[in-house]
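Undergrad: A single structure is presented below for examination.
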Amino acid sequence: MECKSEERVSKLLRAQTHVWNHIFSFVNSMSLKCAIDLEIPDIIHKYGETMPFSQLTASLSLNPSKANCIYRLMRILTHSGFFSQLQVNENDLEMGYVLTDASTLLLKDNPLSMLPFFHAMLDPILTKPWHQLPTWFRNDDPTPFHTAHEMKIWDYAGRDPKLNQLFNDAMASDAQLVSNVVIERCSGVFKGLESLVDVGGGTGIMAKAIAKSFPHIDCTVFDLPHVVANLKGCENLKYVGGDMFESVPPADAVLLKWILHDWNDEQCVKILKKCKEGIKRKVIVIDMVVESEEEDFESTETKLLVDMVVMVLYPGKERTEKEWAKIIFSAGFSDYKITPVVGLRSFIEIYP
């Protein structure tokens, strides 16, 4: 009887820990935000070697009474994998900090910096809708964002320069990272193309990388007029304003990078049909495929988290291969090929 009781208590305590971890999971992102606002990653990077704790606190211009609390901030962020703690040297017992691969992606001067994406996702404009999630489940609003702000996110961005800038910068930073991977790993996807339209291409980071790496391809960035206003192209790159639900400029191929997950199935079918009207070769989609068999726990969790973000901000979702096939064939395409080579996202080549 005692063994059964001990097992029950152990299960209860493990369950309590699990619940606490989820209750306090916001502490990870808020702690990281604090470190970024204090410029800790950049300070350690500029130091150039293992930075002693005393040197770090001296560099932060802190209130003297708060200096010891930095250790607690660095402790949780070290546990989370954003810093590594090392002994400064063999003759010194003081510990210091170095960056990890993750924190390197949060440096201001890193060409692949994720800072703009980080700042956008944690801005109050985009976090406020989460508090409306239960209300949204009971009303007929299209998204929790709409419940919180009384308009769709695209309408809000069209009226609010701050959100428009945050969103464009976030997508540009993501495109910078993805384009590097795409050019290095997936150049064969662009073989034989003479023209390409990047639908929803924002400020054109992805299209610029393609235009530079494949100068024989004429690239067009196609996005809403307020997004591409005042943007200038180059020899084989131009910007065109318009609405992808109305028409898409003709080309050998159309690129849809992280676009279709923003929309429901009916809207995706409409977008794909507009793409099909003008393409000669294929549609290239860069997006997530969820519930993949060969996937680790962390990747699955990240995809499910992103799916919830999409549900809260847009009328879309992350899709399984079966769900991708449904909208692809519903739009009148004959075949597709999925290649998981862009980290959490895959190349989905769709053929007319």
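The values are calculated or read from the model by the stated rules, or taken from the named source; none is laboratory data. Here the structure is a predicted model, which means the values were calculated and not measured. Virtual Cβ from ideal backbone geometry, glycine too; neighbours counted across all protein chains shown.
Undergrad: Do we find a residue being within 30 Å of Asp160 (Cα to Cα) and over 18 Å from the mean Cα position of the chain (by Cα) anywhere in the stretch 78-93?
TA: Residues of the stretch 78-93 that are within 30 Å of Asp160 (Cα to Cα), as a first pass: none.
No, every residue in the stretch 78-93 fails to be within 30 Å of Asp160 (Cα to Cα) and over 18 Å from the mean Cα position of the chain (by Cα).
Undergrad: Of Ser113, Ser103, which residue is assigned to a loop (DSSP other than H, G, I, E, B) and modelled with pLDDT of 90 or more?
TA: Details: Ser103 fails: assigned to a loop (DSSP other than H, G, I, E, B).
Only one candidate qualifies: Ser113.
Undergrad: Quick check on this structure: which one of Glu301, Glu291 is surrounded by fewer than 18 Cβ atoms within 10 Å (Cβ to Cβ) and in a helix (DSSP H, G or I)? Talk me through it step by step, then tell me what you get.
TA: Working: Glu291 fails: in a helix (DSSP H, G or I).
Exactly one residue qualifies, and that residue is Glu301.
Undergrad: Oh, and also: Of the residues Asn230, Asn236, which is over 21 Å from Arg281 (Cβ atoms), without any contact (Cβ under 8 Å) to a residue 40 or more places away in the chain, out of contact with any Phe, Trp or Tyr (no Cβ under 8 Å at 6 or more places or on another chain) and in the same structural domain as Pro315 (by TED's automatic domain parsing)?
TA: Working: Asn236 fails: over 21 Å from Arg281 (Cβ atoms).
Residue meeting the stated conditions: Asn230.
Undergrad: Scanning for something crowded, with 21+ Cβ neighbours inside 10 Å, under 24 Å from the mean Cα position of the chain (by Cα) and over 18 Å from Gly192 (Cα atoms), does the stretch 248-255 turn up at least one residue?
TA: no
Undergrad: Kindly evaluate His131 against the criterion of being assigned by TED's automatic domain parsing to the domain that holds Leu313, touching a helix residue (DSSP H, G or I) at 6+ places or on another chain (Cβ under 9 Å), touching a residue at least 60 places away in the same chain (Cβ under 8 Å) and not hydroxyl-bearing (Ser, Thr, Tyr). Lay out the reasoning, then the answer.
TA: On the way: assigned by TED's automatic domain parsing to the domain that holds Leu313: yes; touching a helix residue (DSSP H, G or I) at 6+ places or on another chain (Cβ under 9 Å): yes; touching a residue at least 60 places away in the same chain (Cβ under 8 Å): no; not hydroxyl-bearing (Ser, Thr, Tyr): yes.
The answer is no for His131.
Undergrad: Right, something else. Answer yes if at least one residue in the stretch 188-201 is modelled with pLDDT under 90 and either of a type in the set (Ser, Thr, Tyr) or touching a Gly at 6+ places or on another chain (Cβ under 9 Å) (or both), and no otherwise.
TA: So far as the stretch 188-201 goes, no, none of its residues is modelled with pLDDT under 90 and either of a type in the set (Ser, Thr, Tyr) or touching a Gly at 6+ places or on another chain (Cβ under 9 Å) (or both).
Undergrad: Hey, another quick one. May I ask you to list pairs of residues, at least six apart or on different chains, whose Cβ atoms are under 6 Å apart, with the first in the stretch 26-44 being touching a residue at least 12 places away in the same chain (Cβ under 8 Å) and assigned to a helix (DSSP H, G or I) and the second being among the hydroxyl-bearing types (Ser, Thr, Tyr) and surrounded by 13 or more Cβ atoms within 10 Å (Cβ to Cβ)?
TA: From the stretch 26-44, the pairs are Asn28/Ser80; Pro41/Ser103; Ile43/Ser59; Ile44/Tyr97.
Undergrad: For the stretch 314-352, which residues satisfy the criterion of being of a type in the set (A, V, I, L, M) and crowded, with 18+ Cβ neighbours inside 10 Å? Let's see the steps before the verdict.
TA: Quick first cut of the stretch 314-352, residues of a type in the set (A, V, I, L, M) only: 325, 327-328, 331, 338, 341-342, 344, 348, 350.
Those that are of a type in the set (A, V, I, L, M) and crowded, with 18+ Cβ neighbours inside 10 Å: Ile327, Ile328, Ala331, Val342, Ile348, Ile350.
Undergrad: Also: Take the residues in the stretch 105-149 that are among the hydroxyl-bearing types (Ser, Thr, Tyr) and in contact with a Ser or Thr (Cβ under 9 Å, 6 or more places away or on another chain); name whichever of them is surrounded by the most Cβ atoms within 10 Å (Cβ to Cβ). Spell out the reasoning first.
TA: Going residue by residue through the stretch 105-149, those that are among the hydroxyl-bearing types (Ser, Thr, Tyr) are 113, 127, 135, 143, 147.
If we keep only those that are in contact with a Ser or Thr (Cβ under 9 Å, 6 or more places away or on another chain) as well, we get 113, 135, 147.
Values: Ser113: 18, Thr135: 13, Thr147: 21.
So the residue we want is Thr147.
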